[in-house]
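The structure appears right after this line, and notes come after that.
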Amino acid sequence: MSFSTRILVWLAAGVGTGLLLGDLVGPLQVVASGFVKLLQMTVLPYVVISILTSLGSLSPTEAKRLGVRAGLVLLALWTLAVTFALLVPVAFPTVRQGAFFSTALLQPPAGFDFVDLYIPSNPFNSLANNIVPAVVLFSIVLGVALITAPRKQVLLDVLGVASDMVGRATRLVVRLTPYGMFAVAAVAAGTLQIEQLARIQVYLIAYVSVALVLALWVLPGLVAALTPVTYGELLRSTRDALLTAFVAADLFIVLPALTDACKLLLARHIPAREGEHASALPDVIVPASFNFPHTGKLLSLSFVLFAGWFANVDIPLTSYPMLAATGLLTFFGSLTAAVPFLLDAFRIPADTFQLFLATGVINQRFGSLLAAVHTVVVGVLGSAAIAGAVRFEMKRVVRYLVITGCLVVAVLGGLRLLFETALRPSFDGAAVVTALRPVLGRAPLVEGSAGEERPAGAPVLEHVRATGAVRVCYVPDRPPYAFTNGRRELAGLDVEMAHQLAIDLQVRLQLVPMATTDFATALDAGTCDIVMGGLIATPLRATASAFSRPYMEETLAFVVPDHRRRDFETWDTIRAQGDTRIGFPDLPYFRRQLELRLPDATLVPVDGAGAAFASAQWPFDALALSAERGSYITLLYPEYSVVVPSPGLVKVPVAYALPEHDDPWRAFVDTWLELHQRDGALQALVDHWVFGRSLTPAPRRWSILRNVLKWVE
């Protein structure tokens, strides 16, 4: 059995194991992660040694000739590859979705220090911290310096030994590939949720389609348009090598066959006087080009854009040049090192790298096919350019461009239509909210209004002990603190805290809905013992009632239509818009904060955010809310986004309102809050209701063992 066949067998076995066992394959995650780290182990040494060797072995004349003409060909192919990679998101469907609050909203937009990223003041630090662009530039500078160094052959001999050593180490790891791929495939198949698979298929289909367009027309068609070599002849001459590269998912093993094919094509089509020279050039160009990023690698740049789409992280068009430049340099190394680096650079969750490994099982073969075609094009077109055999016939070039344009529009348009209809992913924010269930204990309730109100001025603790009940007023429709979910249940962070308060007091609980404008009067009259529901402790409110210690804080943000979120990223961009209509909670404190920062804005007080979103027409340019509450709204109305403008975060404390002049009750509530902050109960509720992290066991992943054979629970 060949090695590639063994990989396919173990890969299929891994998928089967994942489907059989489901999430019971969890322990194999250690093996999968270890295999990935082993693959990454020799990457940077390989990058340094290969670049030094390939550049240092050239003569000044060869370096100049190859650097100018073959370099221009390589640059043109890189431009093509990056362009197609950046076009792939055109095929992605428009899936509007919201998300729970994340601290990533509070972080400033990612910035790049190109000096630190590309120029290594300390190369060893760059090596230790996996800063691939700096390592590549350092290696190129040393390689160029080595070209004219005296006695360079001594170092090249040493580098040859080092290269062999790294190659042997890499081959040792590669021998583990069948078993590593078994673990990776098993974990992916066993733990990947069905709804995630529906979205991954978007990238799989898009990548394969674009790779085939590049491999079967764009690259070979370019050779046919600029050289005497015809389209059909190029593919026929390299067919066996291309199929081998596809099946084995390995470019390196077909380099000799590709080099021979390039030499035969050049000898056949370039005049005899030039033919001897041109047909020998692939011996230098093809091996040298192997150390540079090929089209198959650069097309993987589209995964970063897919990961942003998948994780709902916006990568604007203005960041595409930065992504292209950074990706080109990082892809000098291994994809297993470059992709995590790019995900971190653009603040995309690192967990999406597992999706890259999962899709790589299929995409690697199409990437290898594309890499083989790229190598042939570099060999033929680069040699023709050096020999002066490139021709620019307007008719052939225009025909090539027209066919390419029509093909790209048809493929990307067809994919977009497919993903928007038959394969469209869905998002149901209301179902996400409804799925959140209480996680802590429940206190016995006092039904209706049967509870006895506290006489005005009476101490709360004495009244609670006497009646055996605590009256908690709450502000309704205040997610994530208190709201009615899809099951018509009263839920939320403060609803759970109210139950905990009654449990700790060992009394019953009476929940009383209350408007925010009435809570101070209700506290004084004895209608409420405490008011919950995400109350912001403002100075004016503090003059009418007492407040507990803050139990969390909120951040001022704007809820805006998706297409306008870039307009509200900074205070300067908002001010530049002039008269902006902004809705805000009817609190003097919020008005002052907005007037201070946006003096030209028209501020419109609103009693409740829900009415603004339920109306037929959006009445504002933006709605000022906390990022925490706004995130819940985007779950229900995914066509809106939450934006926290920078610089400077406006934080406000959230606390419970208490009757004035009742110091024992206030001291009790403060002590009670501190207790639950220290024992983790409050943080657990914040994680659950604000960040959306489930604290209850998730439904078990479907598996044959559990759902078909019924052998396990």
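Going by the conditions given, is Val223 in contact with a Leu (Cβ under 6 Å, 6 or more places away or on another chain), of a type in the set (Val, Ile, Thr) and more than 28 Å from Leu417 (Cβ to Cβ)? When the stated conditions are applied, Val223 passes them. Looking at region 692-699, is at least one residue open to solvent by less than 20 Å² (accessible area, probe 1.4 Å) and farther than 30 Å from Asp621 by Cβ? Checking region 692-699: not a single residue is open to solvent by less than 20 Å² (accessible area, probe 1.4 Å) and farther than 30 Å from Asp621 by Cβ. With a requirement of 1 or more residues that are over 43 Å from the mean Cα position of the chain (by Cα) and crowded, with 22+ Cβ neighbours inside 10 Å, the helices (runs of 4 or more DSSP H) lying completely within region 491-572 that satisfy it span 519-525.
With the structure loaded, tell me whether Gly486 is assigned to a loop (DSSP other than H, G, I, E, B), closer than 30 Å to Thr634 by Cα, out of contact with any Pro (no Cβ under 6 Å at 6 or more places or on another chain) and open to solvent by 50 Å² or more (accessible area, probe 1.4 Å) or whether it fails that test. Break it down into steps so the answer makes sense when it comes.
Details: assigned to a loop (DSSP other than H, G, I, E, B): yes; closer than 30 Å to Thr634 by Cα: yes; out of contact with any Pro (no Cβ under 6 Å at 6 or more places or on another chain): yes; open to solvent by 50 Å² or more (accessible area, probe 1.4 Å): yes.
Answer is yes for this residue.
Select from region 639-661 the residues that are more than 33 Å from the chain's Cα centre (by Cα) and open to solvent by 20 Å² or more (accessible area, probe 1.4 Å) and write down the one among them that is farthest from Ala612 (Cα to Cα). Among those that are more than 33 Å from the chain's Cα centre (by Cα) and open to solvent by 20 Å² or more (accessible area, probe 1.4 Å), it is His661. How many residues are open to solvent by 70 Å² or more (accessible area, probe 1.4 Å) and under 19 Å from Leu44 (Cα atoms) when one looks only at region 143-154? Total meeting the criteria: 1.
Among the candidates Phe138, Phe84, Phe92, single out the residue that is of a type outside the set (S, T, N, Q) and either within 17 Å of Ile51 (Cβ to Cβ) or at pLDDT below 70 (or both). Steps first, please.
Working: Phe84 fails: either within 17 Å of Ile51 (Cβ to Cβ) or at pLDDT below 70 (or both); Phe92 fails: either within 17 Å of Ile51 (Cβ to Cβ) or at pLDDT below 70 (or both).
After applying the criteria, what remains is Phe138.
Answer with yes or no whether Thr404 is surrounded by fewer than 21 Cβ atoms within 10 Å (Cβ to Cβ) and assigned to a helix (DSSP H, G or I). So Thr404 fits the description; yes. Strands (runs of 3 or more DSSP E) fully within region 578-638 that include at least 2 residues being open to solvent by less than 10 Å² (accessible area, probe 1.4 Å) and at pLDDT 85 or above: 581-585, 622-626.
Give the residue that is modelled with the lowest pLDDT, with candidates limited to residues of region 662-691 that are open to solvent by 40 Å² or more (accessible area, probe 1.4 Å) and in contact with a Phe, Trp or Tyr (Cβ under 9 Å, 6 or more places away or on another chain). Going through the qualifying residues, I end up with Phe691.
Sort out which residues of region 310-333 are of a type outside the set (A, V, I, L, M), under 22 Å from Val642 (Cβ atoms) and modelled with pLDDT under 80, and write them in order of number.
Going residue by residue through region 310-333, those that are of a type outside the set (A, V, I, L, M) are 310, 312, 314, 316, 318-321, 326-327, 330-333.
If we keep only those that are under 22 Å from Val642 (Cβ atoms) as well, we get 310, 312, 314, 316, 318-319.
Within region 310-333, Phe310, Asn312, Asp314 meet the criteria.
Taking region 538-554 as the range and being among the aliphatic types (A, V, I, L, M) and at pLDDT below 90 as the test, the residues that pass are Leu540, Ala542, Ala544. Pro321 fulfils the conditions (1) farther than 23 Å from Ala186 by Cβ; (2) touching a residue at least 24 places away in the same chain (Cβ under 8 Å); (3) more than 12 Å from the chain's Cα centre (by Cα); (4) open to solvent by 30 Å² or more (accessible area, probe 1.4 Å) except for a single criterion, (2). Pairing residues of region 334-356 that are modelled with pLDDT under 75 and surrounded by 18 or more Cβ atoms within 10 Å (Cβ to Cβ) with residues that are acidic (Asp, Glu) and part of a helix (DSSP H, G or I), at Cβ distances under 9 Å and at least 6 apart in sequence or on separate chains, gives no pairs at all. The residues in region 517-531 that are touching a residue at least 12 places away in the same chain (Cβ under 8 Å) and closer than 24 Å to Gln593 by Cα can be counted, and the count is 2.
The values are calculated or read from the model by the stated rules, or taken from the named source; none is laboratory data. Keep in mind that what you see is a predicted model, and the values were worked out from it rather than measured. Here the Cβ is made from the backbone with ideal geometry for all residues, glycine too, and neighbour counts use every protein chain on show. Side chains included, ligands, DNA and RNA excluded: accessible areas come from the protein's heavy atoms. Shrake-Rupley method; radii C 1.70, N 1.55, O 1.52, S 1.80 Å.
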